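The values are calculated or read from the model by the stated rules, or taken from the named source; none is laboratory data. This structure is a prediction, so every number in the text was calculated from the model and none was measured. When we count neighbours, we look across all protein chains shown, and the Cβ atoms used for this are built from the backbone with ideal geometry, even at glycine.
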Amino acid sequence: MNNDSEPHSAPAVDGIAIIGLAGRFPGAEDAPAFWENLAAGVSGVTDVPAGHNPNSSLPSHPNYVPRAAVVKDADFFDAQFFGIYPKQAVDMDPQHRLFLEMAWHAMENAGYVPDAAPGRVGVFAGCHMNTYIFTRLAADAEFRESLADSYPGGSLTAEISNDKDYLATRVAYQLNLRGPSVAVQSACSTSLVAISQACENLMARSCDMAISGGVTVTFPQQQGYLHTEDSILSPDGSCRTFDADACGTIFGDGVGAVVLKRLSDAIADRDDIYAVIRGWGVNNDGGDKMGYTAPSVSGQSTAIKLAHRRAGITADTISYVEAHGTGTLVGDPIEVAALTEAFRETTDKKQFCRIGSLKTNVGHLDVAAGVSSVIKTSLALRHRQIPPMLHFKSPNPKIDFANSPFIINDELTDWESLTGPRRAGVSSFGVGGTNAHLVIEEAPASESLASSRPCHLIRLSARSLSALNQMSDDLAQHLADNNDLNLADVSHTLQVGRKTFRHKRVVVASDLAEAVETLRSRSPKQAPTVDNRATATPIAFLFPGQGSQHIDMARALYETEPVFAEHLDACAECLTPHLELDLRTLVFPAADAPPSDRLDQTEIAQPALFMISWALGKWWQSLGVQPTTLIGHSVGEFAAAALAGVMSMEDAARLVALRGRLMQSLPAGSMLAVQLSEERLQPLLPEALEIAASNGPAFCVVSGPSEAVTAFAAEIEAGRHGEGIACRTLRTSHAFHSRMMDAAIEPFEQEVRKIELHPPTIPIVSSVTALPMDAATATDPVYWARQIREPVRFSDALAALIAQHSGDLVLLEVGPNQALSTLARQQPLDTNRQHVLSSLPHVSQTATDTRFTVTTIGRLWQQGVTLDWTKVYAGELRSRLHLPMYRFERQRYSFETDLQRCQTRRDQNVAASTEKPATPEPEPQPRPAPQPAAVEVAAEPPVAQQAATAVPQQPLATHTTSVAQTVIQQQMQLMNQQMTLLNQTRRT
């Protein structure tokens, strides 16, 4: 049997990519600020304000050290964001709250929607001992009573909110994660062991991504501590790792989370990789040491060798080690000896590897120390700089650096790469002997690919307008500071990697400068919308009829959107044998092609319009925009029928080509648009004219012989039928939808009978009957033949559709112009809930097709229409980027810490409960099940006010549990001294 001192040989692994990270640290509210402090050599350890905690006896002790390393506002939390009741938030250990927020941010930083990530996502994490509940037990009598409350689940609720066991599973529950969710605890090495466990599970394919890390926050905060001789605690609050004056560390608060993924998957998914974990080693010292809390050279060395062997590397390829480095006279020499022993297995080189320790910057973050070191090292690899280790003057005389592989890194150093990828080791060793070491190397090179799209959609959303504005400013600043970013990748990341909330803002930009300017301008065009819908908004596709066609319609879309181009090409090829020409040469003429009016001829216009509408409809569907209803205006009904599966695209294309030819061959006629309702117009018409279309509540089209149309127009203009009636002769060659089309009905019907017709798979409102098209109608060849002749009742069909959707509805014109959009807006709409949009700009507008269409995509999202954001950049390889994350709107959730006020409140409650009621007592009722209830959240008074209002601690009131309460109070009065003793036993 192998001994741990002889590590098992393990094959090199592909690697685990670190694709997202987030954290809060002493002096740094997020990872970017953390890196700035590290690079600048700024310490996160600060002085404790005088009089900060007047109820504590610590400041009067002669060995009191008024230094602390804390996370600012650690008891603040955005409970509403996670749907947690205020009372629940107050009850919950702030460590749980902080890690939950950082897990969300880390997933966002990776470019994934935290609660909708693909595949199985695991959680591996741990937290420090819960000191929040200890301080609360002493201060809050009501809380103590609630632990023994008789209602079901009372004490279990408190346990779940505070016990270490529930840290990881709470994240899995809140973020809807389905991979393994495991609480990891190994004292100071917890979070590095958790990362190693995540790596193991990823390699075993137990999960596809993993969130891993840890959190340490102790209460009360800003306490300072007591230093005792020969303890692990520094006498002045500074940690001097590897220095001759090293005399201990200072414990601090922090929280960190990383998102991990198999390297091959991360590369395939074009994730933005911070660094790659190549190997990891985890073991325990066993009994090979002086005592349970003592370190072991062999134990640490074995863990490091395991990591090297698993990574398949030699030690001379490592150019930096992020050490455990607690800054103690005993611990530091043992650590360097263990590192040297491990390195000497594969190299004899001296002083080639730099070494440092995060603890000199922020103190010992205990459970969070390992993940914080990983975050530091990952950022250093990304920036290609090694931050300085602070407080170093001269080496510890017990460490022979000259004959070791190591050299102290005490200044910001460019991280050179001479023999291969930059590579680092990260160590974390825990009380009890669980050692962990990682080998981390820089991310593989990646290429930013150009986009064929000329403009890009930036979408932001938040739960409140204030958060949305802050996020807009954050993104604008980030883009301004990083002007080499690929805007297409920025757009893609925000589309696929951010959750949608009720407040939504859309910005369309061609470059970073425009994006920054627009985000900052808050122009009315970018005014956010508020979407309170619980379900997706239904959407109707409107397919236009003849007259909407024009040269270069949808050309820019054809050149930039491969899915649109694919369907247009397929349709054009189907039409070619029936038209004896390639429609694309007429719709998209060459720059030097002579002017032509063929596109206005019916035999060309109708198939060209069908081709564009069909391709647009299929493109919208590819983006996840699935219509709930379809309406087609005249020939547009064939595009609707093809999209709904009534007929195949090939059959529909052939029929439309025939339809155009038949109608083109008939005698010429004219059409007149009249601004009157059908009811008012019908009695005015001469016998030769008919109503061809009812397009709006007061807008119809008259059709018939040209002479009769001209004469009727003259009567209207002369005022013979009333004043103020507008009319306009349309640019058409024939009298469509009139008796002049009768000759085309029979031959067309015969052709329709040759194809297969099916019931619609998407509801269609007929523009002939203004009723939903049932299966009998859809499969009746007579209907499709009479459709040539019958008047178009678009207004009635639209009114019927709107009546079916009395609430939210989006009407989207799916064609090359805005004729139907204009008509739809004439309908009586609830403009707060019913919206009309167009796929493409009007032919006279200056907006390009792509900018207009991208804007429409954003408007659809704002109105609650479901989109598949992964398909927006179809045909392009887009990358996820690290962008600013959600702006949590935190507020303080904490219990009342003033004992006297707690006791006064309790006495008042007791007195109220013993008073004789003024009215007869009601009949006893069954006790209702407990419900979460909002509570008043106590605001922490300013430090000066705390000092001014301080009162001596009072004994707790005597009641049936007075003995237990007294014990708790006495214990809590000595808590800081007990914590000091505990710290003294911690592992160096």
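Filtering the range 39-69 to residues that are in contact with a strand residue (DSSP E or B) (Cβ under 7 Å, 6 or more places away or on another chain) and part of a loop (DSSP other than H, G, I, E, B) leaves Gly44, Val45, Val48, His61, Asn63, Pro66. Scanning the range 721-747 for residues that are within 23 Å of Arg598 (Cα to Cα) and part of a helix (DSSP H, G or I) turns up Met740, Met741, Ala744. Identification of helices (runs of 4 or more DSSP H) wholly contained in the range 86-139 with 3 or more residues that are in the same structural domain as Pro220 (by TED's automatic domain parsing) and in contact with a Pro (Cβ under 7 Å, 6 or more places away or on another chain) yields 94-110.
In the set (1) hydroxyl-bearing (Ser, Thr, Tyr); (2) buried (at least 16 other Cβ atoms within 10 Å of the Cβ); (3) assigned by TED's automatic domain parsing to the domain that holds Ala615; (4) more than 16 Å from Gly617 (Cα to Cα), the condition left unmet by Tyr886 is number (3).
Is it the case, given these coordinates, that Phe343 is surrounded by 24 or more Cβ atoms within 10 Å (Cβ to Cβ), of a type in the set (Phe, Trp, Tyr) and within 14 Å of Arg423 (Cα to Cα)? Judged against the criteria, Phe343 is a match.
Kindly evaluate Ser417 against the criterion of being modelled with pLDDT under 95, of a type in the set (Gly, Ala, Ser), out of contact with any Asp or Glu (no Cβ under 6 Å at 6 or more places or on another chain) and under 17 Å from Thr377 (Cβ atoms).
Spelling it out, Ser417 is indeed modelled with pLDDT under 95, of a type in the set (Gly, Ala, Ser), out of contact with any Asp or Glu (no Cβ under 6 Å at 6 or more places or on another chain) and under 17 Å from Thr377 (Cβ atoms).
Scanning for something out of contact with any Lys or Arg (no Cβ under 7 Å at 6 or more places or on another chain) and part of a strand (DSSP E or B), does the range 72-84 turn up at least one residue? The answer is no, given that none of the residues of the range 72-84 is out of contact with any Lys or Arg (no Cβ under 7 Å at 6 or more places or on another chain) and part of a strand (DSSP E or B). I'd like the full set of residues that are in contact with a Cys (Cβ under 8 Å, 6 or more places away or on another chain) and within 27 Å of Gln385 (Cβ to Cβ), limited to the range 326-360. Residues satisfying the conditions are Thr326, Gly327, Phe343, Ser357, Lys359, Thr360.
Scanning the range 715-744 for residues that are more than 18 Å from Val701 (Cβ to Cβ) and buried (at least 18 other Cβ atoms within 10 Å of the Cβ) yields a single hit, Ala744.
Name the residue, out of Val42, Val48, Val65, that is among the β-branched types (Val, Ile, Thr), touching a residue at least 12 places away in the same chain (Cβ under 8 Å) and more than 30 Å from Ile386 (Cβ to Cβ).
Val48
Considering the range 98-135, the residues that are small (Gly, Ala, Ser) and closer than 14 Å to Thr169 by Cα include one that is farthest from the chain's Cα centre (by Cα), namely Gly126.
Please enumerate the residues belonging to the range 558-583 that are of a type outside the set (S, T, N, Q) and in contact with a Ser or Thr (Cβ under 6 Å, 6 or more places away or on another chain).
Going residue by residue through the range 558-583, those that are of a type outside the set (S, T, N, Q) are 558-559, 561-575, 577-583.
Within the range 558-583, Val563, Asp582 qualify.
In the range 458-473, the qualifying residues are those that are of a type in the set (D, E, K, R) and buried (at least 18 other Cβ atoms within 10 Å of the Cβ), and the one that is nearest to Ala513 (Cα to Cα) is Arg459.
Filter the range 433-457 for residues that are without any contact (Cβ under 8 Å) to a residue 40 or more places away in the chain and either of a type in the set (A, V, I, L, M) or surrounded by 15 or more Cβ atoms within 10 Å (Cβ to Cβ) (or both); which is farthest from Ala515 (Cα to Cα)? Reasoning before the result, please.
Taking the range 433-457 as the starting set, the residues that turn out to be without any contact (Cβ under 8 Å) to a residue 40 or more places away in the chain are 445, 447, 450.
Subsequent filtering for residues that are either of a type in the set (A, V, I, L, M) or surrounded by 15 or more Cβ atoms within 10 Å (Cβ to Cβ) (or both) retains 445, 450.
Numbers: Ala445: 27, Ala450: 17 Å.
Among them, the one singled out is Ala445.
Can you confirm whether Glu756 is over 24 Å from Gln601 (Cβ atoms), in contact (Cβ under 8 Å) with a residue 40 or more places away in the chain and loosely packed, with under 14 Cβ neighbours inside 10 Å?
Details: over 24 Å from Gln601 (Cβ atoms): yes; in contact (Cβ under 8 Å) with a residue 40 or more places away in the chain: yes; loosely packed, with under 14 Cβ neighbours inside 10 Å: yes.
Against the criterion (over 24 Å from Gln601 (Cβ atoms), in contact (Cβ under 8 Å) with a residue 40 or more places away in the chain and loosely packed, with under 14 Cβ neighbours inside 10 Å), Glu756 qualifies.
For the range 218-233, the tally of residues that are surrounded by 22 or more Cβ atoms within 10 Å (Cβ to Cβ) and either without any contact (Cβ under 8 Å) to a residue 24 or more places away in the chain or farther than 28 Å from Ile133 by Cβ (or both) stands at 0. Contact map, the range 306-320: first residue among the polar types (S, T, N, Q), second residue at pLDDT below 95, Cβ cut-off under 6 Å, separation 6 or more or different chains; pairs are Thr317/Gly420.
Among the residues of the range 519-529, those that are touching a residue at least 40 places away in the same chain (Cβ under 8 Å) and not in a loop (DSSP other than H, G, I, E, B) comprise Leu519, Arg520, Thr529.
Gln95 fulfils the conditions (1) within 17 Å of the chain's Cα centre (by Cα); (2) within 20 Å of Gly252 (Cβ to Cβ) except for a single criterion, (1). Considering the range 197-213, and only residues there that are among the small types (Gly, Ala, Ser) and farther than 17 Å from Val171 by Cα, the residue that is surrounded by the most Cβ atoms within 10 Å (Cβ to Cβ) turns out to be Ser206.
Can you pull out every residue in the range 311-321 that is part of a helix (DSSP H, G or I) and either touching a Leu at 6+ places or on another chain (Cβ under 7 Å) or surrounded by fewer than 24 Cβ atoms within 10 Å (Cβ to Cβ) (or both)?
As a first pass, look at the range 311-321 and keep what is part of a helix (DSSP H, G or I): 311, 315-317.
Selection gives Asp316, Thr317.
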